[in-house]
Every structure is written in structure tokens, then in C-alpha cells.
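Everything below concerns the one structure shown next.
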Amino acid sequence: MKFKITVDKTPYEIEVGGETPTPTGLKVNGEQFNTKVDKKGDILVVTVDDKKYEIGTKVKSENNYTFLVNGKEHDILIEIAAAREVKAAEKKALPICGKTTIGARGKGDVTPPMPGKIISVKVNKGDIVKAGQVLLILEAMKMQNEILSPIDGKVEDVRCQVGDSVSATDILVVIK
């Protein structure tokens, strides 16, 4: 899986694993690193080529995060670089979480910042939510990510459930 990330205004291309992400293979701008990920409470302990980093995360918006790495804050923007996967899905008009298709995006459509597994759904259809409110918890790359509401509004549809594997193109919640 490939990502483009920007850390403190510096761009990087990240590749995790091959076809299936693994916690042991990581390429940054083409350079290979061996990694290991352990969890210590809400903190991830990531070992990269024998150097340990303690990482905490805070979701600022849909794909914008603040990571606390060994006590220092870093602003991180994550973009999925696997555009060919999105194009293939558009051609096939594949269902997103079983209920919609790519291309039907609106201001209140909530998508994950990266592929992962839904481990908690915090809202139901009909709920009133505020911008920044936690809607879902997504586990991706051994990290739990809070998926936040981008706008104030009413939950029109919840298109996923606990245990669903989702891609970065999936519309998980619709808010009007």
C-alpha cells in the first residue's frame, strides 16, 4: 500500500508491505526499513532499524494529524497514493461499504484517511453531530484513528459496522 505524506511541510512517499500491509516492511522515498510496532496503552512504540519511537496521534481533520513522536509534535497530512486502485474501482462502480458508489461525494461524506478495520461506531442514523465529534474508530497499521465529523449536522446514513474492512475511498457516514 502506498501513501504520500507531508511531515512538517516535507513530502515523503511511503510504501508499507506489498499487496498486503505488514508491520515489518516499510519504504520511505524508496529506501527500505525494517519496522516493528508494539502498543503501550494509547501510545505506539515503533522500532525502525533498531531505533525506538513512541508515537501518539491526534486527528485534526479527515487526513490531517498531529503526531507526538518522542515528545515532539509533528503535523502530518496523509494522502493515498494508490490512484490506480481508485480508478479501477470507478470503472467497475464497486459498492462502497455495500451501499453506494465512488463519485457520489458531498461535504458531509466521511471517508477514512487510509484503509483499515472499523473497531467502533459512535453514532447512529438520525444523531445530531458537531464538527470534530468522533464518529468512528478505525484501526489501520496497528494504530487506532478517530474519524471525526467534518461538519455540524444530522447523520443521514451509517454505511459501515464494527468489523468491516474499509478502503480510503469508502464513504462511511453521510452527514447533512
With r defined as the distance between the Cβ atoms of Lys125 and Ser165 and R0 fixed at 22 Å, what FRET efficiency is calculated, to the nearest 0.05? 0.55
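Sorted from largest to smallest, which semi-axis lengths in Å does the alpha carbon gyration tensor of segment 118-176 give for its equivalent ellipsoid, taking the root of 5 times each eigenvalue? List each step's numbers first, then the result.
Numbers: eigenvalues 72, 28, 18 Å².
The answer is 19, 12, 10 Å, longest axis first.
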Quick one: check the C-alpha center-to-center distance for segment 31-49 versus segment 112-176, whole angstrom. 25
Between Gln144 and Gln32, what FRET efficiency comes out of the Förster formula 1/(1 + (r/R0)^6) with R0 = 35 Å and r the beta carbon distance, rounded to 0.05? 0.85
Across segment 39-53, in residue order, what do the Karplus-derived ³J(HN,Hα) couplings come to in whole Hz, using 6.51 cos²θ - 1.76 cosθ + 1.60 with θ = phi - 60° and x for Gly and Pro? 10, 10, x, 8, 9, 9, 10, 9, 9, 10, 6, 6, 9, 9, 10
Using amide H atoms built in the peptide plane, which far-off residues or other-chain residues are under 5 Å from Ile151 H to H? Gly132
Treat each spin label as a single point 7 Å out from the Cα along the C-beta direction, and report the Glu54 to Asp8 distance in nm. 1.9
Which entries of Lys52/Lys107; Lys72/Lys142; Lys9/Lys142; Lys9/Lys52 show an alpha-carbon separation above 32 angstrom in the structure shown? Lys52/Lys107
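Every read-out reported here was derived from the displayed coordinates using simple, explicitly stated rules and does not represent laboratory data. All values derive from a computational prediction rather than experimental measurement. So basically every Cβ, Gly included, is an ideal-geometry build from the backbone, and we count neighbours across all protein chains shown.
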